[in-house]
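Please treat every number below as a calculation from the coordinates, not as lab data. Just so we're clear, the structure is a prediction, and the values are computed from it rather than from any experiment.
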Amino acid sequence: MYDFVVPCRKFYLAKLPCASLEVSAKMDNSEVSNFTSLCDRWWDISGDFRILHAMNPIRIEMINYLFKYESPKPWYPLYGRRILDVGCGGGILSEPLARLGAKVLGIDMLSEAIDAAEDHSLRVNPDRWKDAPFGAPKYRNMSTSEAAAQFSEKFDAIVASEVLEHASDWKNLVRDASTCLKPGGHFIATTINRTIPSYFLGIIVAEKILKITPKGMHEWNKFIEPSELSLVAIRNNLQPRKVLGMAYCPLSKEWHWTRSQAINYAFHAIKVGPSKF
C-alpha cells in the first residue's frame with residue numbers, strides 16, 4: 001500500500017485497513033466480516049485506521065487542486081461542489097470535504113459503517129459544522145448501482161478512495177461512478193497496484209510478519225494495475241488524466257507523492273460525455 005521510508009533506504013509494505021467496503025451490487029462475505037469487526041474503530045486515530053487518517057492531507061490536496069480556481073470563495077475551495085464519497089466507511093474523508101465547502105454524500109454497503117459515520121458527524125462536537133457552508137455530510141446505506149439509478153449525472157466529483165480492491169466487481173463500480181458524474185466532472189480513486197512487491201511485502205511481510213495489517217484483509221488478485229483501471233475508465237467515458245504514486249513515511253507519520261506506483265497510487269479522470277447506461 002505504501003512506500004515505507006527510512007533513512008537511505010525504501011521498502012514497500014502493504015496498506016492498512018481501508019476506509020471502504022462499498023461495492024457495486026454485493027460484497028464478498030470475507031470483506032463483510034473483516035470490516036464489520038472494525039466498525040467501532042473508524043475514529044481511533046492511533047488504531048487500525050491511523051494510516052488512513054494520515055492519508056487525508058494528500059487526498060484533500062489532490063481534490064482541492066481540481067477546483068481551486070473555480071471556487072467563488074477561496075477560503076472554501078470546494079464551495080458548493082457536490083461530491084460522492086463511495087465506500088465512505090466511518091466518514092474519515094467525507095467530513096473534511098464538507099468543512100471545505102462541499103455538499104458531500106457518503107455511501108457504503110455496510111450499515112454499521114454508516115451508523116459510525118452519522119454518530120461521529122452529528123453527535124461528536126456538532127458545533128463544528130456551524131462554519132461549514134452546507135453543513136455536515138449526508139450518509140446513505142446503499143450500493144453504487146442504487147446510487148447510479150437515483151443520482152444520474154448529479155455530482156461534480158466522485159471519490160473512491162481505498163475501495164476498488166475490496167469490491168466484488170470494481171469494473172461495475174467504475175461504471176456506476178461514471179453514471180453519477182456530470183460531464184466534465186472528476187473521478188478520483190486511490191488503490192493498490194498488483195505487483196510482485198505488493199504481494200511479498202504488502203501481504204506476506206505486512207500481514208504475516210510485521211502484522212501491521214489484519215491478517216486476510218487483502219487479496220493480491222483483487223489489486224488493480226493502473227493500466228487496467230485506465231482501460232475500464234475509458235470504456236465508461238472517463239478520460240484518464242493523472243496517475244500518481246503515494247508513499248508513507250513512518251518516521252514523520254505522513255503521506256507524500258512519489259514517482260513509484262509499485263504499491264499505492266492515486267488515479268484521476270474526467271468524464272468526457274454523457275453516461276452510456
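Within the straight-line cut-off of under 18 Å between alpha carbons, the aspartates and glutamates reachable from Lys73 are Glu61, Asp131, Asp156, sequence neighbours fewer than 8 places apart in one chain being disregarded. Would you mind checking the pairs Lys103/Lys130; Lys103/Lys271; Lys130/Lys182; Lys68/Lys242; Lys138/Lys171 and listing those with alpha carbons more than 23 angstrom apart? In this structure, Lys130/Lys182; Lys138/Lys171 exceed 23 Å between Cα atoms.
What area, in nm² and to one decimal, does the C-alpha convex hull of the stretch 67-166 cast on average over all directions? Please report the intermediate quantities before stating the final value.
Details: hull surface 25.7 nm².
If I average the Cα hull's projected area over directions, I get 6.4 nm².
For the stretch 131-277, the share of alpha carbon pairs falling in successive 5 Å distance bins from zero is 2, 9, 17, 20, 18, 14, 11, 7, 2, 0 percent.
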